[in-house]
Amino acid sequence: MKNSLVPLRELWPFLRVYQAQYIWGALAGIASVGMGAIAPFFLRHAVDALSSKGAYLSWVLALVAGAVAAAVFSWANRELLVKASRRIEHDLRMSLFSKALTLDSYFYGKNRIGDLMNKFTTDLGAVREMLGGGVNMGSRLFMFIIFALIGMYSVKVSLALVLSAVFPIIFTIMYFVLQQIDHRYRASQEVFDAISTKAQENFSGIRVVKGFALEDRELEAFQTLNRDYIAKSLALTRVDGPVRALMGVLIGFAMLIVMWLGGGMVIRGEITAGQFVQFNAYVTMLAWPIIGLGFTLTIFQRGATSHTRLKEFWDQTPRIADSPKAKVLSPDELGGEVRFEGVGLELAGRKVLEDITLTIPEGTTLGITGHTGSGKTLLVSLIPRLLEPTQGRVHLGSRDVKALSLASLRGVVGMVPQEPFLFSETLAENIAFGIPTPANGAVDMERVGWAARLAGVHEDIMGFPQGYQTSLGERGVTLSGGQRQRTALARALALRPKVLILDDAMSAVDTETESRILSGLKTMLGQQTTLLIAHRTSTLRYADWIVVLEQGKIVEEGTHEMLLEEDGIYAELDRIQRLQAEVD
């Protein structure tokens, strides 16, 4: 039980905001339990008055009034505490989401999305249940036990002492059960993480699954996980399920003792019939807390286990974050020159970039090419600090990128990845994603249209029945590959960035369309620094300078014409592509 209460201390910053509601709720709970505890006293006098032919009606009315008051206070208690727990759930979810946005690509590279989604749903729900129903029931049960024990001892001390001997047995059983619940609940949640991940991956990759006709295999794999989850859940139920029945047996045994010993006391005249009824009422009142104790402690134990899993997430420290002295600058205060000084990068103990020294003057276009895995994407990812170099420095303008706040840095860098991600919103909202949103939430359609025309996707959009208001499916599956890439390009252009990174951003576009887009971009490419990653030499001829990477190193650099004359890797790529074009 001690371990189950640890989360309440650690969650105090969230609880403190609603402490007034918890205090008033607790007072309402005390009043409710107090009115319930005084009812056996009224019952005792009503019984004694009835047996002595006295006036019992006033005691009956007092009993009814007490029951009504207890119900009202109980409603207030539940209303206050449950509402507070829902608001805390909201605050916890916002805190989790805020934390998720601070974590970097290193974290998401080693953690599965399904695991994270389970934390945001099942684990968060268990913590909310602990803070709402658990705290409510736990506090009421505690007060019920205290009031019932006080009531029993006030009637007959010797009889109450005999009954109290049952409690050590109950707490010993509960301690063992809670240990088992913690272990088995954690095991079931880990399997549920795997189920969530499997479902998320299959939904996202449904085209691949269907394309390879692997529905049956994936269904069988999901069924295996599902069976494992059922097995783990049943193992939990085998411990959790019998608890209330066991508590019921123990309280039933206690009531037999009361009937046997208490009945003898009435016969011998040691207590009145009314006192016996009063004592029995307290035992009955104690029955619900003891039976409900197992259920309540289970809620706390599950909440504690889920809180531990959430805390592991909260305790994650991003490797890439603002330094204490990071400067927040406006776009006008930042230059567009990009400079790599002796840059190296290690991932998983392997050197993937080595001794990169390169200067890209503001307003120029740098072409980057090389074989697959040569480090092209890794290199450009260092500019917006999606990755951090293990040696050397990267500058934007005259400033080290580490000296800038991430918001300032990334606010002037537009990046179009090879596999762009589009949100399940309208095309207009996707293109305007990086634009600061005005207070009224309206989309700047003039800017959106300008960017779409520049990216060569405007005509495609106008061909849809709803135009820019067309809602996309998840990840933009309603668009073709080329349309997705051009929409992502329009999103980057709408930002009007100081640095534009095109990471093979037109690989899904045919050469004719690509040429048309790049020709249209030509007027804009000189307005910012552009890094153009491509395998096609026809694309790279638009660059002012080209570098060729091989195994993380720059092995060739020059203009398109200079590299062709060198007859190296770049020239070989150009020959192969020309032959392919002739064959096609």
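Against the longest principal axis of the chain, how steep is helix 57-102, in degrees 0 to 90 to the nearest 10, with axes from Cα atoms? It is inclined by approximately 20 degrees. Volume per residue for segment 2-312 equals 152 cubic angstrom (convex hull of Cα atoms).
Using the structure shown, list the pairs from K198/K402; K99/K351; K376/K402 with a Cα-Cα distance above 28 Å, or answer none. Correct reply: K198/K402; K99/K351. Rg/Rh, computed from the Cα trace of segment 276-362 with Rh as the Kirkwood radius, has the value 1.51.
At a Förster radius of 60 Å, what calculated FRET efficiency corresponds to the Cβ-Cβ distance of I150 and S323, to the nearest 0.05?
The computed FRET efficiency comes out at 0.50.
Give me the aspartates and glutamates in straight-line cross-link reach of K498: C-alpha distance below 14 Å, same-chain residues under 8 apart excluded. Those aspartates and glutamates meeting the cut-off are D332, E333, E337, E362. Shape descriptor for segment 419-496: Rg over Rh equals 0.92 (Cα atoms; Rh from the Kirkwood inverse mean 1/r).
Write down, largest first, the equivalent ellipsoid semi-axes of segment 191-346 in whole Å, where each equals the square root of 5 times an eigenvalue of the alpha-carbon gyration tensor.
Semi-axes from the Cα gyration tensor: 63, 29, 11 Å.
Projected onto planes of every orientation and averaged, the convex hull of the alpha-carbon atoms in segment 298-415 covers 10.6 nm². About its Cα centre, the chain has a charge dipole of approximately 3380 debye under the convention of +1 per Lys or Arg Cβ and -1 per Asp or Glu Cβ, with nothing else charged. For S306, S74, the sequence from fewest to most other C-beta atoms within 10 Å is S74, S306.
Taking every alpha-carbon pair under 8 Å whose residues sit at least 6 apart, segment 419-496 reaches a relative contact order of 51 percent. Over segment 1-140, with a single point scatterer placed on each C-alpha, what log10 of the ratio I(q)/I(0) does the Debye formula yield at q = 0.13, 0.21 1/Å? After summing over all Cα pairs, the log10 values are -0.70, -1.17.
When only the Cβ of Lys, Arg, Asp and Glu is charged (+1, +1, -1, -1), the dipole of segment 2-312 relative to its Cα centre reaches about 320 debye. Just one of (1) 29.4; (2) 33.7; (3) 36.3 is mean projected area of the Cα convex hull in nm² calculated from these coordinates, so which is it? Checked against the structure: label (3). Residue by residue, segment 455-470 carries 3J(HN,Hα) couplings of 8, x, 10, 4, 4, 4, 5, 5, x, 7, x, 9, x, 5, 8, 5 Hz when phi is fed to the Karplus relation 6.51 cos²θ - 1.76 cosθ + 1.60 (θ = phi - 60°); x denotes Gly or Pro.
Ranking L518, V135, L406 by how far each Cα lies toward the positive end of the dipole of the chain (charges on Cβ) leaves V135 at the top. Footprinting exposure proxy ranking of K311, K110, fewest other C-beta atoms within 10 angstrom first, gives K110, K311.
Evaluate the charge dipole of segment 419-496 about its Cα centre and quote only its size in Debye, nearest 20, assuming +1 on the Cβ of each Lys and Arg and -1 on the Cβ of each Asp and Glu.
It works out to roughly 200 debye.
Only Cα pairs under 8 Å and 6+ residues apart enter the sum, and on that basis the relative contact order of the chain stands at 14 percent. Computed over the chain, the per-residue total of -39500 (n - 2.57) for DSSP H runs of n ≥ 4 gives a 222 nm mean residue ellipticity of -20500 deg cm²/dmol, rounded to 500. Projecting the Cα atoms of S196, Y175, L250 onto the charge dipole of the chain (Cβ charges, centred on the Cα centre) puts L250 farthest toward the positive pole.
Every read-out reported here was derived from the displayed coordinates using simple, explicitly stated rules and does not represent laboratory data. Everything quoted here is computed from the prediction, not taken from an experiment. All Cβ positions, even for glycine, are placed from backbone atoms using ideal geometry, and neighbour counts span all protein chains on display.
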